Amino acid sequence: MHDPDLIPAGIVRCSPDARIETVNATMLRWAGRESAKALLGRPFYSLLSPAGRIYFETHIRPMLQVEGHVQEIALELLTPGGERKRIYLNGQAERGDAGEIKALHLACFSGGHRQSYERELLRQRRDAEGYVALVKSSADAIINTDVDHRIVGWNAAAQALFGHTEADVKGQDWRDVLLGGARDQSVDSAALRAEAEARHASGEAVAVEYHSSPIVDSSGDTLGLVTVVRDIRQRRAAEETIRALNQEVVHRSKNQFAVIHAIARSTARHSKPEDFIEVFGNRLNALSQNLSLLESQSSSALELSALIEAQLAHLGEEQRARISLDGPRVTLVERIALYLGLAIFELSTNALKYGALSQHSATDSQIKISWSYVYGQLSLRWTETGVSGVRAPSRAGFGSRLTGTLLERSTGGTVEVDYRPGGLVWHYERAMEENA
Amino acid sequence: MTTATTTVLQRHDVRTTGTGHPTLVLIHGYGCDKTMWDSVIPLLKDDFRIVTYDLLGCGASDISQYDKVRYGTLDGHASDLVDVIDALELEQPILVGHSVSAMTATLAANRLGDRVGAVVMVCPSPSFINHDDYVGGFETQDIDALLETLDANYLGWSSEMAPAIMGTPDKPEHCERLTNSFCQADPDIARHFARVTFRADHRADVQALTHDALVMQCRDDVIVPEAVGLWMERNMQAAKLFTLDATGHCPHISYPRETSDAIRQFAKGQAG
């Protein structure tokens, strides 16, 4: 009979509950134990690493008991000194006549190199799976082609963007599928980036940017191309908007110059030369207030109460306190806001000079600015009270044009002015379709 | 039977046997399937009605429905247990959970209240990982090493085993092959379930359990140290600790007689 201690494998015989009964010298050496005696009666799992113990008790032992055998189980022995040795375990249950288990026979084979190699394989497989997941879940369409541009792989984003499944397009030239045959590149060219009109399966045009790079292996051979295609329809739309806005800026600048020119001419006609700079400056300032407000709003629409507040910002605290604002939230389109703003400013400077904010007024004089927006009709009212000696101005200056005819013409609204005994009442009305 | 009921029963390959009262629902633990109960069922089936099933992702369950979010915690498995109890219209069943499934039974009992009679926990552990004063037996790195061990052991067979484990419950010839591949599972699912099992911490849930509970422990259970049973008896509201004259983590396989005796004694006490 062969001497079990000379067999180059760890041999263990266990009781039915997996306690060590006999153990050969090889097993003792691998487990880092001195004497077999100390191991007798100990559970077999006590030779294993903590992870191996869990695996043995949850998988191996039940399998031995039910199936009767296990094969090629990768485990780690752990010596008392903390050294680990990788092994493969085979096991066989020995059964009695009634089917009861009489003993468990275990054989351990040294498996360090093979397990290292297998673990390396596993790591590489995980890496590869990682890359596959990366491509699959990319939001950009990724197309993998061979050196002849024939599609090898096509991810979910490509399917979503172009409407073809991977199976539909496999083997076809990607340029035929997407670009209708625009062939302006060779496999040997360096990374290439371009924009193009691609076709969705439905025939719809899709503006795309694509970027192809050769897939080069470690020996420098080109294996194919990887092309990343990005939907640039949103970017294109944004560029359109920018172009339109540019045109609008030019258009508005021209309008502004016309307004400034009119203000200058009219101010010159109606004021004394020594007052010109101050009056003209104030009016330019009002215009500029409007512009600041326009800029601070994200869209080209403006909120009425914010517009009025901005035009009253030049007043002192005491004067501002006499003015009340009352009305719902109304959004104005920019053109109306611009002229209405100028009118409000003009009304406030008139009130300073002649009306409820002037020295002619009583201490309890007030200005009430109220508005309503009903059935698409904006009605804005400027009401001064507590003013004595109210009279209509003797001539219609540019100021009154700003609050009257210019406003009506530019915005398509109507203005009524009433110089009542207690103070001015100014009323503007306009049908508005664009309220938000 | 309604379609929903049929669906649940097929999804988990639910099997019913035995006559008697009350009904025992046997829930297998991590690493195997319902066949783990095969040795104790003959010893109990004259006294109880017995229900067994496979946790989703294990045995003959419909693994195509394994959803890593739903089964990312034991709550998903507890919902399945509630579904099985509802589908069979069980009245006050005694839930018998092995190892991690003792926690699944606890979660289901907490949810169903007095619709569950009692809970039997076979080698349970509310947390396998040590926390401060609590001794679970393992450190986080041991669990990471376990996942590596699983990987190493699934390396070889995954592709050739795939046809066998993809079996559907409505094809009996597949079930036949499944019983031949005892304890085998889809590697990806096994790895996921291992992670869920060994990283879970259900100490608060067992403390909240108001049902009578039998905590069964074995000597030399490398998965569950003795300290865990003592902790449970001390911290649970109505738990009795019983140490079986058995060793290891799977007494229902190694010591079916002792295990079934302990279950019977407790369950009959509950029924009376």
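The values are calculated or read from the model by the stated rules, or taken from the named source; none is laboratory data. Keep in mind that this is a model prediction, so the values were computed, not measured. As a convention, Cβ positions derive from the backbone with ideal geometry for all residues, glycine included, and neighbour counts pool all protein chains shown.
Determine whether region A:231-249 contains at least one residue that is at pLDDT 85 or above, in contact with a Leu (Cβ under 9 Å, 6 or more places away or on another chain) and either not hydroxyl-bearing (Ser, Thr, Tyr) or not in a helix (DSSP H, G or I) (or both).
Yes: region A:231-249 contains one or more residues that are at pLDDT 85 or above, in contact with a Leu (Cβ under 9 Å, 6 or more places away or on another chain) and either not hydroxyl-bearing (Ser, Thr, Tyr) or not in a helix (DSSP H, G or I) (or both).
Can you name the residue in region A:1-36 that is within 12 Å of another protein chain (Cβ to nearest Cβ) and in contact with a Pro (Cβ under 7 Å, 6 or more places away or on another chain) and is also nearest to B:Met36 (Cα to Cα) among such residues?
Of everything passing the filter in region A:1-36, A:Ala18 is nearest to B:Met36 (Cα to Cα).
Do we find that A:Thr222 is over 20 Å from A:Lys136 (Cβ atoms), touching a strand residue (DSSP E or B) at 6+ places or on another chain (Cβ under 6 Å), among the hydroxyl-bearing types (Ser, Thr, Tyr) and assigned by TED's automatic domain parsing to the domain that holds A:Arg175 in this structure?
For A:Thr222, the condition - over 20 Å from A:Lys136 (Cβ atoms), touching a strand residue (DSSP E or B) at 6+ places or on another chain (Cβ under 6 Å), among the hydroxyl-bearing types (Ser, Thr, Tyr) and assigned by TED's automatic domain parsing to the domain that holds A:Arg175 - is met.
Of the residues in region B:68-101, how many are in contact (Cβ under 8 Å) with a residue 24 or more places away in the chain and in a loop (DSSP other than H, G, I, E, B)?
The total comes to 9.
Looking only at region A:343-351, decide whether some residue is crowded, with 17+ Cβ neighbours inside 10 Å, at pLDDT below 80 and not charged (D, E, K, R).
The answer is no; no qualifying residue exists.
Restricting to region A:82-92, what's the tally of residues that are small (Gly, Ala, Ser), in a strand (DSSP E or B) and surrounded by fewer than 20 Cβ atoms within 10 Å (Cβ to Cβ)?
Number satisfying all stated conditions: 0.
Taking into account only those residues within region A:49-86 that are among the β-branched types (Val, Ile, Thr), closer than 20 Å to B:Val224 by Cα and modelled with pLDDT of 85 or more, which is nearest to the chain's Cα centre (by Cα)?
For region A:49-86, the residue satisfying everything is A:Ile54.
Given the conditions (1) at pLDDT below 90; (2) farther than 27 Å from A:Arg269 by Cβ, and given that A:Ser370 satisfies all but one, which numbered condition is not satisfied?
Among (1) at pLDDT below 90; (2) farther than 27 Å from A:Arg269 by Cβ, A:Ser370 violates only (1).
Can you spot a residue in region B:129-145 that is part of a strand (DSSP E or B), at the interface with another protein chain (Cβ under 7 Å from one of its Cβ atoms) and out of contact with any Ser or Thr (no Cβ under 8 Å at 6 or more places or on another chain)?
Yes, because at least one residue in region B:129-145 is part of a strand (DSSP E or B), at the interface with another protein chain (Cβ under 7 Å from one of its Cβ atoms) and out of contact with any Ser or Thr (no Cβ under 8 Å at 6 or more places or on another chain).
Out of all the residues in region B:26-47, which are touching a helix residue (DSSP H, G or I) at 6+ places or on another chain (Cβ under 7 Å), of a type outside the set (S, T, N, Q) and either within 14 Å of another protein chain (Cβ to nearest Cβ) or closer than 18 Å to B:His98 by Cα (or both)?
Selection gives B:Leu26, B:Ile27, B:His28, B:Gly29, B:Tyr30, B:Gly31, B:Cys32, B:Met36, B:Trp37, B:Val40, B:Leu43, B:Leu44.
What's the number of the only condition in (1) under 20 Å from A:Ala103 (Cβ atoms); (2) aliphatic (A, V, I, L, M); (3) in contact with a strand residue (DSSP E or B) (Cβ under 8 Å, 6 or more places away or on another chain) that A:Leu78 fails to meet?
All conditions pass for A:Leu78, except number (1).
Can you confirm whether region A:96-110 contains a residue that is more than 14 Å from chain B (Cβ to nearest Cβ), in a strand (DSSP E or B), of a type in the set (A, V, I, L, M, F, W, C) and within 20 Å of B:Cys250 (Cβ to Cβ)?
yes
Quick check: anything in region A:37-48 over 60 Å from the mean Cα position of the chain (by Cα) and either at pLDDT below 90 or at the interface with chain B (Cβ under 10 Å from one of its Cβ atoms) (or both)?
Scanning region A:37-48 turns up at least one residue that is over 60 Å from the mean Cα position of the chain (by Cα) and either at pLDDT below 90 or at the interface with chain B (Cβ under 10 Å from one of its Cβ atoms) (or both).
Looking only at region B:68-82, count how many residues are within 13 Å of the chain's Cα centre (by Cα) and β-branched (Val, Ile, Thr).
0
Any residue in region A:56-70 that is within 14 Å of chain B (Cβ to nearest Cβ) and farther than 26 Å from A:Pro16 by Cβ?
no
Looking at (1) under 30 Å from A:Ile215 (Cβ atoms); (2) in a loop (DSSP other than H, G, I, E, B), which one does A:Ile142 not meet, given that it meets all the others?
Checking A:Ile142 against (1) under 30 Å from A:Ile215 (Cβ atoms); (2) in a loop (DSSP other than H, G, I, E, B), the one that fails is (2).
Mind checking which helices (runs of 4 or more DSSP H) fall wholly inside region B:203-261 and carry at least 3 residues that are over 29 Å from B:Lys45 (Cα atoms)?
B:203-208, B:226-235
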